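Okay, structure first, notes after.
The values are calculated or read from the model by the stated rules, or taken from the named source; none is laboratory data. Owing to the predicted nature of the structure, the values given are computational and were not obtained by experimental measurement. Cβ: placed from backbone, ideal geometry, glycine included. Neighbour counts: every protein chain shown.
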Amino acid sequence: MTTTARAQGATVWLTGLPSAGKTTIARLLGERLKAEGHRVEVLDGDEIRRFLSAGLGFSRADRNTNVQRIGLVSEVLARNGVLSVVPVIAPYADSREAVRKRHEASSTPYIEVHVATPVEVCSERDVKGLYARQAAGQLRGLTGVDDPYEPPADPDLVLPTQLQTPPESADAVHAVLAERGLV
């Protein structure tokens with residue numbers, strides 16, 4: 001890494017409903033950034049919940065704690081020159097705002113991306129079978145169905161994934177990073 005911009009970290013926070021395409025986009029973006037020579041970490045929400053937030057449930061308080069833990073790890077990585085890509089539901093606006101403020105307090109770039117896939121499309125994709133389990137009465141508290149999802153009021157980027165491919169979505173995020181001089 002020879003330039004300050006290339007060594008600067010940032011957090012790319014992808015928020016949206018389950019099966020919206022967050023992880024797919026994050027992995028594609030991460031692969032591209034690594035191929036370009038950047039230091040990158042993809043902090044997958046499911047993996048973080050399994051390890052860093054093991055034991056937490058899905059109450060509002062537990063979801064907030066999970067988001068704050070991911071936000072802390074992401075901010076520390078980004079503050080230290082890593083491009084941190086975070087695909088996580090993060091359903092509540094106040095939780096996401098706290099993460100943004102943590103980044104602002106350390107002057108660490110933060111890009112919020114709303115993966116704005118309609119719930120009907122997410123239900124059709126149903127990557128983990130959550131929507132089917134909810135419809136069968138085997139699951140309660142599914143974000144966007146019987147538990148709220150508060151869409152970002154003013155995200156840096158909105159990705160309508162039902163209208164574009166995952167590579168097109170990853171390219172759009174990359175373009176924002178480039179516009180801000182982060183890649």
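Per-structure values
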{"item": "Within segment 142-176, tally of residues that are touching a helix residue (DSSP H, G or I) at 6+ places or on another chain (Cβ under 8 Å), touching a residue at least 60 places away in the same chain (Cβ under 8 Å) and either surrounded by 13 or more Cβ atoms within 10 Å (Cβ to Cβ) or on the phi > 0 side of the Ramachandran plot (or both)", "result": "11"}
{"item": "Some residue of segment 8-23 being assigned to a loop (DSSP other than H, G, I, E, B) and exposed (fewer than 15 other Cβ atoms within 10 Å of the Cβ)", "result": "no"}
{"item": "Which listed residue, of VAL40, VAL73, is surrounded by fewer than 19 Cβ atoms within 10 Å (Cβ to Cβ), of a type in the set (Val, Ile, Thr) and under 26 Å from ALA175 (Cα atoms)", "result": "VAL73"}
{"item": "The one condition in (1) in a helix (DSSP H, G or I); (2) of a type in the set (Ser, Thr, Tyr); (3) farther than 18 Å from SER169 by Cβ that SER53 fails to fulfil", "result": "(1)"}
{"item": "Selection status of ASP94, acidic (Asp, Glu), modelled with pLDDT under 95 and either assigned to a helix (DSSP H, G or I) or crowded, with 23+ Cβ neighbours inside 10 Å (or both)", "result": "no"}
{"item": "Residue count for segment 37-51, restricted to those that are under 16 Å from GLY16 (Cα atoms) and touching a residue at least 60 places away in the same chain (Cβ under 8 Å)", "result": "0"}
{"item": "Breaking point among (1) modelled with pLDDT of 95 or more; (2) within 23 Å of ASP171 (Cα to Cα); (3) assigned to a helix (DSSP H, G or I); (4) touching a Phe, Trp or Tyr at 6+ places or on another chain (Cβ under 9 Å), for HIS103", "result": "(2)"}
